[in-house]
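Peer 1: The structure follows.
The values are calculated or read from the model by the stated rules, or taken from the named source; none is laboratory data. Since we're looking at a predicted model, the values are computed, not measured. For neighbour counting, all protein chains shown are included, and Cβ atoms are generated from backbone atoms with ideal geometry for every residue, glycine included. Remember, those area values only see protein heavy atoms, side chains included, never the ligands or the DNA or RNA. Shrake-Rupley method; radii C 1.70, N 1.55, O 1.52, S 1.80 Å.
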Amino acid sequence: MKHETERMHLLAALKDLKAWEVLNPAGGAVSVRLPDGNILMSCTRLAFDRWDASIRDFIVLDPDGRIVEQTGGLGASGTPMHLDLYRMLPRAGAIVHTHAPYALAFASLGLPIPSVTNRADAFGEIPCLQADDSAVKADFLADPVPLDLPQGMVQRPDVAAVTLLHYRPQLEEIIAPRAEEMQRHGLAFTLYRHGAFTVGRQLEETTDLMLRLEESARTAVLQAALTGGVIFPNRLYREAERLSLTDATTVPPVSSYRTRRVPA
């Protein structure tokens, strides 16, 4: 079995993310770019196993998704998105995908996550990419179209259709143009009703970015509870405002980034 050091590294990251309650049985995946350019990725079904992983529960894929080494299962259904991100972002060294609960609250509404803490400012914009996965899957099953699925992923074309037909164009439009930002910091985004992604230059950075993302989402939700539903990315309450927090509800919410909402 090759890449034992990197496997142990990923395994430790999984345990930390689980302990910090951002990785749960709802799903997720982690991956790293190996020195030879191949991708080491967690296998599908680990979420169903409560993330009780071993160093064998990873798969090595080439940049096109072909199997290089398989010691466990196949890559998760999100494999095409990982491969696309590595292709679009040359500096990307690791990707973390989780269904962290507070980030998911924003994603469930198609809302970007505002940066309300200094730790989240390093992200820049945190958009929500949008596709109605239930409708896409139903349409695909009713009228399938040919898809080029990576060899090393679980063969679920209806699930892959969401990424290949709907999220890939958004990655090209919204995320790929920000590749140069990765000289300074990692990137993050969420998927509508699905979860959160962070992309960093190495695994520790990428894991930390996921914690920062969830921290900002959690703080934004708690901030709204204090202000009566308004989120302020950067505003200090003065004494008079503290005495009358309900006045804040008359101020429109502020966000550094807006994405198109899914039509009702």
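Peer 1: Let me check against my output: what whole-number percent is the relative contact order of the chain, with C-alpha pairs under 8 Å and at least 6 apart?
Peer 2: Relative contact order of the chain: 22 percent.
Peer 1: Shifting gears a bit: Provide Rg and Dmax in Å for region 103-191, with only Cα atoms included in the calculation.
Peer 2: 15.5, 47
Peer 1: Helix-derived [θ] at 222 nm for the chain: sum -39500 (n - 2.57) over DSSP H runs of at least 4, divide by residue count, nearest 500?
Peer 2: Helix contribution divided over all residues of the chain: -9000 deg cm²/dmol.
Peer 1: Now for a separate question. Could you give the Stokes-Einstein D for the chain in µm² per second, using the C-alpha Kirkwood radius, 20 °C, 1.002 mPa s?
Peer 2: 112
Peer 1: What helices does the chain have that are whole DSSP H segments, at least 24 Å long along their own axis by Cα, and with mean Kyte-Doolittle hydropathy of -0.5 or more?
Peer 2: 203-227
Peer 1: Also: Which order do peptides 57-64, 153-160, 72-79 fall in by mean Cβ count within 10 Å, highest first?
Peer 2: 72-79, 57-64, 153-160
Peer 1: Can you give the extra length, in nm with one decimal, that the chain gains between A12 and R50 once fully stretched, where that is 0.36 nm per residue apart less the Cα-Cα distance?
Peer 2: 12.2 nm is the gain from fully extending A12 to R50.
Peer 1: Now for a different question. Using a 7 Å offset from the Cα along the Cα-to-Cβ direction at both T117 and W20, what is the distance between the two label points in nm, to one decimal?
Peer 2: Going by the 7 Å Cα→Cβ label model, 1.0 nm.
Peer 1: Which FRET efficiency, nearest 0.05, do A105 and R168 yield, Cβ-Cβ r, R0 30 Å?
Peer 2: Using R0 = 30 Å, I get an efficiency of 0.75.
Peer 1: Also, quick follow-up: Would you pull out the residues with amide H under 5 Å of G228's amide H, same chain only if 5 or more places away, H placed 1.01 Å from N?
Peer 2: Residues meeting the amide H criterion: none.
Peer 1: Give me the three principal axis extents of region 4-73 from the C-alpha atoms, as integers in angstrom, largest value leading.
Peer 2: Between the extreme Cα coordinates on each principal axis of region 4-73 lie 32, 20, 17 Å.
Peer 1: Return the long-range amide H neighbours of R193 (sequence gap of 5 or more, or a different chain), with a cut-off of under 5 Å between placed amide H atoms.
Peer 2: The list, which skips near neighbours in sequence, is S108, L109, G110.
Peer 1: On average, how much area does the Cα convex hull of region 100-147 cover when viewed from any direction, in nm²?
Peer 2: The Cα convex hull of region 100-147, projected and averaged over all directions, gives 4.8 nm².
Peer 1: To continue, here is another question. Rounded to a whole number, what % of the accessible area of the chain do carbon and sulfur atoms account for, probe 1.4 Å?
Peer 2: Carbon-and-sulfur percentage of accessible area, whole number: 53.
Peer 1: Right, another one. Along each of its three principal axes, how wide is the spread of alpha-carbon positions in region 59-133, in whole angstrom units, largest first?
Peer 2: Dimensions of region 59-133 along the principal axes of its Cα atoms: 42, 28, 20 Å.
Peer 1: Separate question: Give me the one-decimal nm value for the distance between modelled label points at A176 and R91, 7 Å along each residue's Cα-to-Cβ direction.
Peer 2: Rounded to a tenth, the inter-label distance reads 1.9 nm.
Peer 1: Tell me, what HN-Hα J-couplings in whole Hz come from the Karplus equation 6.51 cos²θ - 1.76 cosθ + 1.60 at θ = phi - 60° for each residue of region 24-30, using x for Gly and Pro?
Peer 2: After applying 6.51 cos²θ - 1.76 cosθ + 1.60, I find 9, x, 5, x, x, 6, 10 Hz.
Peer 1: May I pose another question? Counting only heavy atoms of the protein chains, get the accessible area per residue of the chain (1.4 Å probe) and round it to a whole Å² value.
Peer 2: Counting only protein heavy atoms, the per-residue value for the chain is 48 Å².
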